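Trainee: Below is one structure. I have some questions about it.
Coordinate-derived values only; no laboratory data. Predicted, not measured: the structure shown is a model, and the values here were computed from it. Ideal geometry is used to build each Cβ from the backbone, glycine not excepted, and the neighbour counts take in all protein chains shown.
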Amino acid sequence: MNILSIDTTANNTNISLKDKSNITSDINNNPRGQVSFLFPMIVKILDSKKLKFSNLDILLTATGPGSFTGIRVGLSAMQGISLATGIPIVGINNFDIYAHSLSKSNKDNNILVLLESFRKEVFCKFYNKDTANDKIFQASDNEVIEFLSNIKSNKQTTICGNADKILSKIDNLNIENTEHAEVNNILPSKIMIEIFTKEITKINNIKKLAQKNLAAPFYLRPPDISISKKLT
């Protein structure tokens, strides 16, 4: 199965292509201007495997939360490819991407994923292994620290994500029953291929999986710019 996977939601753009032999990845560390270089990156990685868009079986895209513009660019690109070719597209949110990167080494721990919002608050998701009652929220640095300090669980909480500022603060506080897992070097586009491969073995139907995991933006806050009420 040939799989194209992209992530444009954070400080870099990374894409991965899985063919019959292996996974090839590429990364651009420019946090802006994805419109100008995303498609050349996609064409380049397809050419490296002598593949065309028509040879792809599935498209994967990160849906956020993250950069508002980045999310829109990535989704628009993949939806355009899907519309032109009929290839199914699956969306995977960034909380699950980071949590999956820890699934093998922290199987029994609670997980708190902290994602950069590019504003004062960070985007948070707490995976509660005691109750399976996960919690998604936005919080300031102090509120995140208070949340961690008040977790009532016999299990350890593993923290990860790309919100480097608050992660560094937590490291210096030594909060009881917490540990910071370094995942700075993960490629979300590659992790998404792992997630899809795991999920498709359960469902064994690409269209059903695409319906279950829609390629739609995952926003925790409204956009900074809105349509004037005078125009509505």
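Trainee: What distance in nm separates the simple spin-label points at ILE145 and LYS212, each placed 7 Å from Cα in the Cβ direction?
Mentor: Roughly 4.1 nm, to one decimal.
Trainee: Kindly point out which whole DSSP H helices in the chain project their C-alpha atoms 24 angstrom or further along the helix axis while averaging a Kyte-Doolittle hydropathy of 0.5 or above.
Mentor: Span-like helices, by this rule, are 68-85.
Trainee: Using a Debye calculation, one point per C-alpha and no hydration shell, please list log10 I(q)/I(0) for the range 36-192 at q = 0.13 Å⁻¹ in order.
Mentor: For the requested q values the scattering log ratios are -0.68.
Trainee: So the label point goes 7 Å from the Cα of ILE136 along Cα→C-beta, right? Which residues of the range 57-92 then have their backbone N under 16 Å from it?
Mentor: Once the point is set 7 Å along Cα→Cβ of ILE136, 61-68, 71-72, 91-92 turn out to lie under 16 Å by backbone N, inside the range 57-92.
Trainee: Using 11 Å as the cut-off for backbone N distance, which residues of the range 14-42 belong to the label zone defined by a point 7 Å from the Cα of ASN55 along Cα→Cβ?
Mentor: Inside the label zone: 19-21.
Trainee: Rounded if a/c is under 1.5, else prolate if a/b beats b/c, else oblate: with a ≥ b ≥ c from the C-alpha gyration tensor eigenvalues square-rooted, which is the range 99-232?
Mentor: It comes out oblate by the Cα gyration axes.
Trainee: Order 201-210, 120-129, 94-103 from most to least packed using the mean count of other Cβ atoms within 10 Å. The partial results should precede the final answer.
Mentor: Numbers: 201-210: 12.1, 120-129: 19.7, 94-103: 21.6.
Result, highest mean Cβ count within 10 Å first: 94-103, 120-129, 201-210.
Trainee: Also, quick follow-up: To the nearest 0.05, how large is the calculated FRET efficiency for SER25 and ASP108 if R₀ is 35 Å and r is the Cβ-Cβ distance?
Mentor: So the FRET efficiency works out to roughly 0.70.
Trainee: Each residue of the range 18-27 in order: what ³J(HN,Hα) in whole Hz does its phi give by Karplus 6.51 cos²θ - 1.76 cosθ + 1.60, θ = phi - 60°, with x for Gly and Pro?
Mentor: Whole-Hz 3J(HN,Hα) from phi for the range 18-27: 9, 10, 5, 9, 6, 10, 10, 10, 9, 9.
Trainee: Moving on. Local charge sum around LYS107 (other residues, Cβ-Cβ under 13 Å, Lys/Arg +1, Asp/Glu -1)?
Mentor: My count for the surroundings of LYS107 gives +2.
Trainee: Let me ask something else. Rounded to the nearest 0.05, what FRET efficiency do ARG119 and LYS198 give with R0 = 25 Å and r taken as the Cβ-Cβ distance? Could you check?
Mentor: Working: r = 33 Å, r/R0 = 1.30.
The calculated FRET efficiency here is 0.15.
Trainee: Test of understanding: ordering MET41, MET1 by Cβ neighbours within 10 Å, fewest first, what list do you get?
Mentor: MET1, MET41
Trainee: Tell me the relative contact order for the chain as a rounded percent, counting alpha carbon contacts under 8 Å between residues six or more apart. If you can, show how the numbers build up before the last one.
Mentor: On the way: 407 pairs, mean separation 51.0, N = 232.
Once normalised by length, the contact order is 22 percent.
Trainee: Just to be sure I understand the curve: with the Debye formula and one point per C-alpha of the range 103-180, what is log10 I(q)/I(0) at q = 0.24 Å⁻¹?
Mentor: Scattering profile of the range 103-180, log10 relative to I(0): -1.21.
Trainee: OK, next. Can you put VAL144, VAL73 in order of Cβ neighbours within 10 angstrom, beginning with the fewest?
Mentor: VAL73, VAL144
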